[in-house]
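Below: the structure, in structure tokens.
The values are calculated or read from the model by the stated rules, or taken from the named source; none is laboratory data. Given the structure is predicted, the values throughout are model-derived calculations rather than measurements. We place every Cβ from the backbone using ideal geometry, glycine too, and count neighbours over all the protein chains shown.
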Amino acid sequence: MTEARLALAAGDAVAAESGIDRVRSVCGVEQSGAVEVLETQLGHLKAQVAACVALEKNLLKALSSGHPRDVSGRVVKAPRGCASQPAITRLVERGARQIELATTAVNDGFGRLNAGDLDGADAMLARALRSDAQVSGAEGLRSSLAKARLALAVSHSTPAVTSVVVTQPPVTRTPRAPVQAPVRVDSVFDDLVGDGRRALQRKNYAEAKSAAKSALRLSPGNRSAQALLREAEDGEREALQGMNIR
């Protein structure tokens, strides 16, 4: 009987049931009351074990579906002995790790979004939601990602301004004559006066007058050109007078 009581205290339903069976087979009717008490305790223990097994399954399901925040609430509502079960304790610790991983993933997602890595931010959001569907900041990250992708789509849909290159047929240009250096005015003036003087010596008064007038157009009021013109006119006049006398 002591063995059965120790097994019940340890929560070992299998050992307790085996011990109770041995007590029942050994003890007589006088021990039937004590056996009934042990059997009642065994019934409670079996119910508790069944509840703890069901709790373990529910916790695994919650963690696998990304709901680690449900773990602690379900453990609180479970029978008192379940919380101390090693399997339940491990699942509670796993839930805490998932919540922490999800929070870290959301923070990383915002960091990648700020860096312009939209795909990386999206991957971090998915990782966070797999660990904890209720993680704080997930909705903000999702909204920011949607706005960033919309802005990117709008920028890509705006037609880019392209430069249009118009190809013209080659233009055939007539070769120009070599450009001569500009002629100095004073040089031309001197040449005209010189030509006029030589014409005057040949008594070609008309040519001398023409050269003198051209020189005066280049340099109005020039004394040498005026003198040439007077001499040419005087010579022409004298020649005409001589012709009339004859």
So the helices (runs of 4 or more DSSP H) completely within region 155-246 holding 3 or more residues that are in contact with a Gly (Cβ under 9 Å, 6 or more places away or on another chain), modelled with pLDDT of 75 or more and of a type in the set (A, V, I, L, M) are 205-218, 223-245
Return the total of residues in region 42-69 being buried (at least 18 other Cβ atoms within 10 Å of the Cβ) and assigned to a helix (DSSP H, G or I).
9
Sort through Pro86, Pro68, Pro79 and tell me the only one that's of a type outside the set (S, T, N, Q) and without any contact (Cβ under 8 Å) to a residue 24 or more places away in the chain.
Pro86
Report every pair of residues separated by at least 6 positions or lying on different chains whose Cβ atoms are under 6 Å apart, first residue within region 183-210 and surrounded by fewer than 16 Cβ atoms within 10 Å (Cβ to Cβ), second modelled with pLDDT under 90 and of a type outside the set (Phe, Trp, Tyr).
Val185/Leu218
Close pairs (7 angstrom Cβ cut-off, 6 or more residues apart or separate chains): more than 30 Å from Leu152 (Cβ to Cβ) and charged (D, E, K, R) in region 94-119, surrounded by 15 or more Cβ atoms within 10 Å (Cβ to Cβ) and modelled with pLDDT of 95 or more anywhere:
Arg94/Leu63
Does Ser144 meet the test of being among the hydroxyl-bearing types (Ser, Thr, Tyr), farther than 18 Å from Ile99 by Cα and at pLDDT below 80?
no
Hits in region 100-122 - residues which are among the aliphatic types (A, V, I, L, M) and touching a helix residue (DSSP H, G or I) at 6+ places or on another chain (Cβ under 8 Å):
Leu101, Ala102, Ala105, Val106, Leu113, Leu118, Ala121
